[in-house]
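Only one structure is covered here, and it is reproduced in the block below.
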Amino acid sequence: MKECRNIESSIRDIIMGWGRGRIFFLDDFASLNDPVSVRQFLCGMVEEGFIVRLARGIYCYPRLSAGEYSSKMMLPDEETIAYALAEKENVRIIPYGDQAAARLGLSSIVVSNHKYLTDGSPRVINLSATKKIHFNHTSEVKMFAYRNETMQLLSSAIRVLGKEHFDNETVRRRVREILRDVPESEFSEDITLPPAWVGKIMTDIWNG
């Protein structure tokens with residue numbers, strides 16, 4: 001019993017030492033050498049509201065927003081969770097498809113399933129009945145070679161939206177606004193990475 005109390009106390013001390021806002025994982029407590037007990041104590045801490053379970057094996061020590069009468073837990077968004085998981089597993093990820101388009105303001109689609117390309121293993125993280133994070137493996141190493149994140153996102157968005165979408169002058173105007181923040185040296189280097197038809201759209205708008 002004393003040993004169990006020591007494990008629980010150690011878990012709490014570790015979590016509090018990280019500070020609020022930290023996303024953490026079951027195997028972050030591997031040094032305690034008792035995964036069964038760790039899992040049980042984490043479940044208990046979720047029930048008491050000390051921590052939040054974001055998905056299977058993924059937890060958060062939430063930040064608190066002080067209101068007039070009570071404190072409200074502030075949970076990390078899907079993107080923060082995705083990048084925390086990628087950092088833990090030492091893999092690279094890239095938002096793609098509708099998600100990349102939405103981030104750039106090129107699509108009004110509300111993204112509930114966040115999708116990423118990764119050089120790691122494919123997997124799906126179930127956050128809720130309606131929200132998921134998809135990691136889809138790609139062997140296209142060029143996708144990870146961009147110097148400029150905006151160029152990377154724009155290339156991904158164009159590929160999913162299609163050429164016809166960028167015949168619209170309003171859309172092209174928005175892309176020009178996006179590209180204004182891209183240094184010329186980075187544009188010149190990154191424009192060699194996307195497929196030829198995507199690069200042509202980006203170049204035509206850049207020069208337009």
Could you state the angle between the C-alpha long axis of helix 78-89 and the longest principal axis of the C-alpha atoms of the chain, as a value from 0 to 90 degrees rounded to the nearest 10?
-> 70 degrees
Return, ordered by residue number, the residues of the stretch 94-112 whose backbone nitrogen is under 18 Å from a label point located 7 Å along Cα→Cβ of Asp119.
-> 94-96
Neighbour-count ranking [beta-carbon atoms within 10 angstrom, fewest first] of Leu32, Leu42 | Leu32, Leu42
Cα gyration tensor of the chain diagonalised, 5x eigenvalues square-rooted, in angstrom largest first, produces semi-axes 42, 18, 14
Does the stretch 72-169 come out rounded, prolate or oblate by the C-alpha gyration tensor, with a ≥ b ≥ c the root eigenvalues, rounded set by a/c under 1.5 and, if not, prolate when a/b is larger than b/c and oblate if not?
-> oblate
0 to 90° range, to nearest 10: angle between helix 169-179 axis and the chain longest Cα axis | 60 degrees
Going by alpha carbons, how many degrees (0 to 90, nearest 10) lie between the helix axis of 149-161 and the longest principal axis of the chain?
-> 70 degrees
Under 28 Å from the Cα of Lys72, which lysines turn up, not counting those fewer than eight places away in the same chain?
-> Lys88, Lys131, Lys132
Compare the peptides 166-174, 151-159 by average per-residue count of other Cβ atoms within 10 angstrom and give them in order, highest first.
-> 151-159, 166-174
What residues of the stretch 108-127 lie in the reach of a label at Val160, counting those whose backbone N is under 15 Å from a point 7 Å from the Cα along Cα→Cβ?
-> 108-118
Per residue of the stretch 26-43, in order, report the coupling 6.51 cos²θ - 1.76 cosθ + 1.60 (Karplus, θ = phi - 60°) as ³J(HN,Hα) in whole Hz, putting x for Gly and Pro.
-> 4, 7, 5, 10, 4, 5, 7, 6, 8, x, 5, 5, 4, 4, 5, 5, 5, 4
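Laboratory data are not the source of any read-out in this text; all were calculated from the coordinates shown. The shown structure was predicted, so the numbers you read here are calculated from the model rather than taken from an experiment. Here Cβ is always computed from backbone atoms with ideal geometry, including for glycine, and neighbour counts include all displayed protein chains.
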